[in-house]
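Working notes, beginning with the structure itself.
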Amino acid sequence: MNITYLTPDENGDVAWPAFDNDKRAVVTLGAFDGMHLGHQAVIRRVVELAHRHDAFSIVILFDPRPAFVHRWTAAHDGKEPGEGIIDANALNGVDDRLKTLEELGVEHTLVVRYTMAFAAKSYIFFLGQLTGKLGMRTLVLGSDAAMGAGRKGDVKSIENLAAATGVFELDVVDDRGPGEVRIPLGWKPEMPGEWGEPADPLALMSKAERRAWSKRNQARATRAWSSSNVRYLLGHGRIKDANAILGRLHAVTGVVVHGEERGRTIGFPTANLSEDVIGYLPVDGVYAGWLVDGGNRWPAAISIGTKPTFSEKTGLNERVVEAYAITDDWLELYGHTVRVEFAGFLRPQVRFDGVDELTAELKRNVEETKRILA
């Protein structure tokens, strides 16, 4: 897969690369945060149509996420996020998304740095650039996609434009998944109070009870296959439900650093990740999962906790990620960039009465992790 990184100029204009004038392109675009099953359906359609028409398959990948740039700019008097600012709500990093695009067979990916000047361009101007510069024959979008200034370029508007100009075709993919879910307005992560994987609290409610819950929580309808829903599920410890939407285990990456090393004193040495974690951290708790270092992969009991201090890079409370690899080998991972994958929720963070009680619980966590990953 060919990857091109593009940064708009101060006017928001992009120097699009030149492609073969005799070969057309099938294009899609977006942040593809998390690269969940809905995103994958759109990408697969791009690759399918490109093969059918002997065209280029092109994905335009926005980085940072548009929603993050708009919120950050609004909160910082028009100043856009710099290179060192971390989008803690991004489900995964650009490198992970690029890996998935390559696995799906995409030929060209254009990573465009999303800026406010770029965002101010109308969808009509933007589509003109794609047809004129990239030779776009077909645009593939999800069912509720929108683009351009003020997100005025919705599917209906683009469909009308395609029909009126005859320059390109619009192909709409049903990327919603199994209907809609309800997510409370302004929700915040909430650690489960019980041991074991949390269930959907609405599953056993009657229709009347669900309506009352939605009204009480000002819940809004959201596509089941959506980055917003994945974040909501991870924010409530519902790892298995989130993984079902992602089509794989949710994961974060980070560099292993020295921690307080208390785990070593009780026989549970952990790999502590630096605060610059890439990927969305689930709510505080203890999880079953995997610790991955290059070609090495170990079952792991993973702990996430929150410090009272704030990080300048995220604007949020600092989070602590510790992964205990279940192995008889002595691991020396300091300085390594590792991947932590989440397979299930084990328990909430609780205070124990002494080392013996803590050690006994950690042993139970290890056995439960083995059971879940078997």
(Q) If each DSSP helix of 4+ residues adds -39,500 (n - 2.57) and the sum is divided by the residues in the chain, what number results at 222 nm, nearest 500 deg cm²/dmol? (A) -9000 deg cm²/dmol
(Q) Give me the one-decimal nm value for the distance between modelled label points at LYS156 and TRP187, 7 Å along each residue's Cα-to-Cβ direction. (A) 2.8 nm
Q. Considering amide H positions built from the backbone, and no H for Pro or chain starts, which residues 5 or more places from ARG220, or on another chain, come under 5 Å of its amide H?
A. ILE183, LEU185
Q. Hey, of (i) 38, 27, 18; (ii) 40, 23, 20; (iii) 44, 30, 21, which did the structure itself give for semi-axes √(5λ) of the Cα gyration tensor in Å when calculated?
A. (ii)
Q. Which whole-Hz couplings ³J(HN,Hα) result when phi for each residue of the range 72-77 is put into the Karplus expression 6.51 cos²θ - 1.76 cosθ + 1.60, θ = phi - 60°, listed in order with x for Gly and Pro?
A. 4, 4, 5, 8, 10, 6
Q | Approximate spin-label separation ASN217-ARG44, in nm, with each point projected 7 Å along Cα-to-Cβ | A | 3.0 nm
(Q) Based on alpha-carbon centroids, what's the gap between the range 344-371 and the range 94-152 in Å, whole number please? (A) 46 Å
Q. Is the shape of the range 5-99 rounded, prolate or oblate, going by the alpha carbon gyration tensor and its root eigenvalues a ≥ b ≥ c, with a/c under 1.5 for rounded and a/b larger than b/c for prolate?
A. oblate
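Could you give the dipole magnitude of the range 284-374 about its Cα centre, charging the beta-carbon of Lys and Arg +1 and that of Asp and Glu -1, in debye to the nearest 20?
The calculation lands at about 320 debye.
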(Q) Give me a comma-separated list of calculated 3J(HN,Hα) values for the range 50-58, in order, Karplus coefficients 6.51, -1.76, 1.60 applied at θ = phi - 60°, integers in Hz, x for any Gly or Pro. (A) 5, 5, 5, 9, 6, 10, 6, 9, 10
Q) Suppose every K and R has +1 on its Cβ and every D and E has -1 on its Cβ; what is the size of the dipole of the range 181-245 about the Cα centre, in Debye to the nearest 20? A) 440 debye
Q.
Quick check on the range 251-373: take the gyration tensor over C-alpha atoms, sort the square-rooted eigenvalues as a ≥ b ≥ c, and tell me if it's rounded (a/c under 1.5), prolate or oblate.
A. rounded
Q | Whole-number accessible area per residue in Å² for the chain, which is evaluated in the context of all protein chains at 1.4 Å | A | 50 Å²
Q) Which of the GluC sites (Glu not before Pro) across the range 198-304 are loop residues per DSSP, with 11 or fewer other Cβ within 10 Å? A) GLU260, GLU261
Q: Using the structure shown, list the pairs from LYS215/LYS240; LYS99/LYS188; LYS188/LYS370; LYS188/LYS307; LYS188/LYS363; LYS313/LYS363 with a Cα-Cα distance above 25 Å, or answer none.
A: LYS215/LYS240; LYS99/LYS188; LYS188/LYS370; LYS188/LYS363; LYS313/LYS363
Q | Under the Karplus curve 6.51 cos²θ - 1.76 cosθ + 1.60, θ = phi - 60°, whole-Hz ³J(HN,Hα) for the range 24-39, x wherever Gly or Pro sits | A | 7, 9, 9, 10, 9, 8, x, 7, 6, 5, x, 6, 6, 4, x, 4
**Q.** Cα gyration tensor shape of the range 83-184, rounded if a/c is under 1.5, else prolate or oblate by comparing a/b with b/c
**A.** rounded
Q: Give the long-range amide H neighbours of ASP175: residues separated by 5 or more places, or on another chain, with amide H under 5 Å away, using H modelled in the peptide plane at 1.01 Å from N.
A: SER143
Q | Carbon/sulfur fraction of accessible area - the range 251-373, other protein chains in place, 1.4 Å, % | A | 51 percent
Q: Kindly work out what percent of the DSSP beta bridges joining two residues of the chain are antiparallel, to the nearest 5.
A: 65 percent
Q.
At 7 Å along Cα-to-Cβ for each site, give me the label-to-label distance between ALA360 and ASP144 in nm.
A. 4.9 nm
Q: Could you tell me which of GLY142, PRO8, THR306 has its Cα farthest along the dipole of the chain towards the positive end, charges placed at Cβ (Lys, Arg +1; Asp, Glu -1), taken about the Cα centre?
A: GLY142
Q: Starting from the amide H of LEU29, placed 1.01 Å from N in the peptide plane, find each other amide H under 5 Å away whose residue is 5 or more places distant or on another chain.
A: ILE60
Q) To the nearest 10 degrees, how steeply does helix 94-103 sit against the main Cα axis of the chain, on a 0 to 90 scale? A) 70 degrees
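The values are calculated or read from the model by the stated rules, or taken from the named source; none is laboratory data. Being a predicted model, the structure only gives us computed values, none of them experimental. Positions of Cβ are generated from backbone atoms using ideal geometry, with glycine treated the same way; all protein chains shown enter the neighbour counts. In case anyone asks, the SASA skips ligands and DNA or RNA and just uses the protein heavy atoms, side chains included. Shrake-Rupley method; radii C 1.70, N 1.55, O 1.52, S 1.80 Å.
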